[in-house]
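Visitor: Before I ask anything, here is the structure I am working with.
The values are calculated or read from the model by the stated rules, or taken from the named source; none is laboratory data. It should be emphasised that the depicted structure is a prediction, and the values quoted were computed from it without experimental measurement. Please note: Cβ atoms are built from the backbone with ideal geometry, for glycine as well, and neighbour counts cover all protein chains shown. The protein model used for the area step is the full one, side chains on, heavy atoms only, and it has no ligands, DNA or RNA in it. Shrake-Rupley method; radii C 1.70, N 1.55, O 1.52, S 1.80 Å.
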Amino acid sequence: MSEGATQGGRGMRRSWTLRLAILLPFAWLVLFVLLPTLIAFKISLSQTVLAQPPYVPVLNPSGGWDAFVGFLNALSFENYTAVFTDSLYLASYLKSLQVAALSTALILLIGYPIAYAMARAPRGVQSVLLILVILPFWTAFLIRIYAWINILQRDGLLNQLLLSLGIVDAPIAWLASDTAVYIGIVYSYLPFMVLPLYATLERMDAALREAAADLGAPPWKIFWQITVPLSRPGILAGVLLCFIPIVGEFVIPDLLGSSSTLMIGQTLWTEFFANRDWPFASVVALVMLVILVGPIVLYEHLQARALEKAR
Amino acid sequence: MRKGLSFTNLTALALGLAFLYLPIAILVIYSFNTSRLVTVWGGWSTRWYTALLADRALLDAAFVSLRVGFISATAASILGTLAAVALARARLFRLRASFSALLYAPIVMPEVITGLTLLLFFVAIDLDRGVWTVTLAHITVTMCFVTLIVQARLASFDWSLEDAAMDLGAPPSRAFLAVTLPLIWPAVAAGWLLAFTLSLDDLVIASFTTGPGATTLPIRIYSDVRLGVKPEINAICTVMIATVALVVIAASLLTKRRAAH
């Protein structure tokens, strides 16, 4: 079926329905995704005041051109310089990037063998395994973190187990530590890595590896030189799907971490809810967005290409 | 890929699944513990479940969450399906890139950013914050997930069926509703389910966009969890897990039977 024949020929006939189909979701996204980001940018250039809304200047549309010029003059980049000169915020950004990088690497290391085994399982078993991996993903995020509090707390199951086995003499403080944050993140994001990996591994042509084996390549060499390079799209998709949201993660470090694991999502949360500094919270959010623009664009590019290929 | 599991493969699977399920299993088991102390096993009991039924505030929060989830999943399914059809069918030219950029952004963007920007928007347009602002926020985020699922289905869709209906004189909207929609229905239903559970699950975006009197279940659970482990929370979590598990398993059985036909 050629695209030109169906779309060109019927372009007129279907016009209003298709236009509506495009216009409605597109307008919605412009209104609720693009516009809010622009408003956040405007507010990030404002100053905090004790008022409702808690920032100045506020644009007064009835004031005409003079009011608009005055409004523009009152905006300033002061907040941005503050973010880059205050060591607290810099440390918070660096901590987030470090936690995201390290935990994404851990998730890849743990997820790859699981995805690999899933792809090698017999067909009927595969669909069951797929459901088993997806199911925890459908269970509320908060519940999964809460489950770990049950296990990791001071008199929790892990310490009870270690004590009864005689491995430790006194209970270990697992909670409120970096370790707990890493456990929580790896646990929550594992399906995001396993699913794209499984999708590429499952499609892989077995003949390539059999040929390598016939030519005498040892299994580890086949794995490193054929399987891993061919699964690169899956690895990339999984890494991006984990890394980007982990950088902005709030719930996990808040419930499992300590004050020394202050990630940028928590800093933003505190600026907004505790300090009620909306302009500053916007600055923190927008700087995070700028840091993540590269990975986000790369992910979108991959998605679009994968769909193009599937067509 | 060649089939057949080695010993290493089986170990990886067993350890992986144990890692995924053990914490949830422990949570479920301890929700039936008579003892208030999570560390002491006092025998089986359903007392924390009966306690739930008496907790008015918790039931109210659950009701708010269900209402937000139902409305936002339904709206998101409509908008998301339209977006997927538009991307598959329309000649968007240059718009295509910005359209899909706007669609994928809420999926990958950290929730704190989505929540904050949406709240600032609601304040800027002077909208009273409450159940409806949370619903609008959830529609925005979940519709993108629906698009992703429906788009994957449409990638292998044979458009000549819809064209045939139109050649026979059906108006485009009718051809879509009578021919295309019934064929892509499982994908739309899966999208609805995903949207519903994502909405039911969300804490961060709801915390930013909510207002007085609109406490969702995750917001309520979160404020409890911060104070430590309580058996009542184990019980409400178990109820949520069981509901989601039943729905997902039923849905996958349904689509499987459909595929077998």
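Visitor: Among all the aspartates and glutamates, which ones have a C-alpha under 19 Å from A:Lys95's C-alpha, if same-chain residues fewer than 8 places away are not counted?
Guide: A:Asp86, A:Asp178, A:Glu249, A:Asp254, A:Glu271, B:Glu111
Visitor: Evaluate peptide B:120-130: per residue, the Cβ atoms of other protein chains within 10 Å of its Cβ; return the mean as an integer.
Guide: Mean partner-chain Cβ count within 10 Å for B:120-130: 5.
Visitor: List every residue whose amide H lies under 5 Å from the amide H of A:Gln47, counting only residues 5 or more places away in sequence or on a different chain, with H placed 1.01 Å from N in the peptide plane.
Guide: Under 5 Å from the amide H of A:Gln47 lie the amide H atoms of A:Val56, each far enough along the sequence or on another chain.
Visitor: What are the DSSP H helices in chain A that stretch 27 Å or more along their long axis, judged by alpha-carbon atoms, and whose average Kyte-Doolittle hydropathy comes to at least -0.5?
Guide: A:87-120, A:178-203, A:278-310
Visitor: Follow-up. What 222 nm value per residue comes from the helices of chain B, counting each DSSP H run with n ≥ 4 as -39,500 (n - 2.57) and dividing by all residues, nearest 500 deg cm²/dmol?
Guide: -25000 deg cm²/dmol
Visitor: Within a 10 angstrom radius of each residue's Cβ in A:294-304, how many Cβ atoms of other chains show up on average? Whole number is fine.
Guide: Per-residue shielding by partner chains comes out at 4.
Visitor: If you stretched the chain out fully between A:Arg154 and A:Val128, how much longer would it get, using 0.36 nm times the residue separation minus the C-alpha to C-alpha distance?
Guide: Difference between extended and current length: 5.8 nm.
Visitor: Just how far, in whole angstrom, is segment A:121-198 from segment B:118-135 if you go by their alpha carbon centroids?
Guide: After rounding, the separation between the Cα centres reads 35 Å.
Visitor: Once the protein assembly as shown is represented by equal point scatterers at the alpha-carbon sites, with solvent omitted, what log10 I(q)/I(0) does the Debye formula produce at q = 0.06, 0.08, 0.10 Å⁻¹?
Guide: For the protein assembly as shown at q = 0.06, 0.08, 0.10 Å⁻¹, log10 I(q)/I(0) is -0.34, -0.61, -0.95.
Visitor: Tabulate in residue order the Karplus-calculated ³J(HN,Hα) for segment B:215-230, using 6.51 cos²θ - 1.76 cosθ + 1.60 with θ = phi - 60°, rounded to whole Hz; enter x for Gly and Pro.
Guide: 8, 7, 4, x, 4, 5, 4, 4, 5, 6, 4, 4, 8, x, 7, 10
Visitor: Right, something else. Mind putting a number on the dipole of segment A:89-310 about its Cα centre? Charges go on the C-beta only, +1 for Lys and Arg and -1 for Asp and Glu, and I need it in Debye to the nearest 20.
Guide: That gives segment A:89-310 a dipole magnitude of about 400 debye.
Visitor: Another question, if that's okay. Give me D for segment A:89-310 in µm² s⁻¹, whole number, from Stokes-Einstein with Rh from the Kirkwood sum over alpha-carbon pairs, 10 °C and 1.306 mPa s.
Guide: Reported coefficient: 81 µm²/s.
Visitor: Let me confirm one metric for peptide B:26-32, namely the mean number of other chain beta-carbon atoms within 10 Å of its residues' beta-carbons.
Guide: Per residue, the average neighbour count from other chains is 3.
Visitor: Related question: Please work out how much length the chain gains when fully extended from A:Ala217 to A:Ala170, using 0.36 nm per residue of separation minus the C-alpha to C-alpha distance, in nm with one decimal.
Guide: Once the chain is fully extended between A:Ala217 and A:Ala170, it gains 11.9 nm.
Visitor: Ok, one more. What do you get when you divide the Cα radius of gyration of segment B:56-260 by 2.2 N^0.38 Å, with N the number of residues?
Guide: 1.16
Visitor: Return the inverse of the average 1/r over all pairs of distinct C-alpha atoms in segment B:6-158, which is the Kirkwood hydrodynamic radius, in Å to one decimal.
Guide: 19.9 Å
Visitor: Further question: Within segment B:113-129, which residues have the backbone N less than 14 Å from the label spot 7 Å out from A:Leu38 along Cα→beta-carbon, could you tell me?
Guide: Those under the cut-off are B:121, B:125.
Visitor: Now, a different point. Pop the C-beta distance of B:Trp41 and A:Glu202 into the FRET formula with R0 = 51 Å and round what comes out to the nearest 0.05.
Guide: Efficiency, rounded to the nearest 0.05: 0.75.
Visitor: Starting from the residue with the highest accessible area, list A:Leu45, B:Leu82 in decreasing order, probe 1.4 Å.
Guide: Correct descending sequence by accessible area is B:Leu82, A:Leu45.
Visitor: With all protein chains present and a 1.4 Å probe, how do A:Lys95, B:Lys230, A:Lys309 order by accessible area, largest first?
Guide: The residues order as A:Lys309, B:Lys230, A:Lys95, largest area first.
Visitor: Here is a follow-up. How much length is gained if the chain between B:Asp55 and B:Ala178 is pulled fully straight, taking 0.36 nm per residue apart and subtracting their Cα-Cα distance, in nm to one decimal?
Guide: Here the answer is 39.7 nm.
Visitor: Could you work out the relative contact order of segment A:89-310? I mean the mean sequence separation of Cα pairs under 8 Å and 6+ apart, divided by the number of residues, in percent.
Guide: This gives 28 percent for segment A:89-310.
Visitor: Follow-up. Pop out the ³J(HN,Hα) list for segment B:118-135 in order, Karplus 6.51 cos²θ - 1.76 cosθ + 1.60 with θ = phi - 60°, rounded to Hz; leave Gly and Pro as x.
Guide: Whole-Hz 3J(HN,Hα) from phi for segment B:118-135: 5, 4, 4, 5, 4, 5, 4, 8, 6, 9, 5, 7, x, 4, 6, 5, 4, 4.
Visitor: Turning to a different aspect of this structure: Considering only C-alpha atoms, what is the centroid distance from segment B:173-247 to segment A:238-263, in Å?
Guide: Taking the Cα centre of each part, segment B:173-247 and segment A:238-263 sit 21 Å apart.
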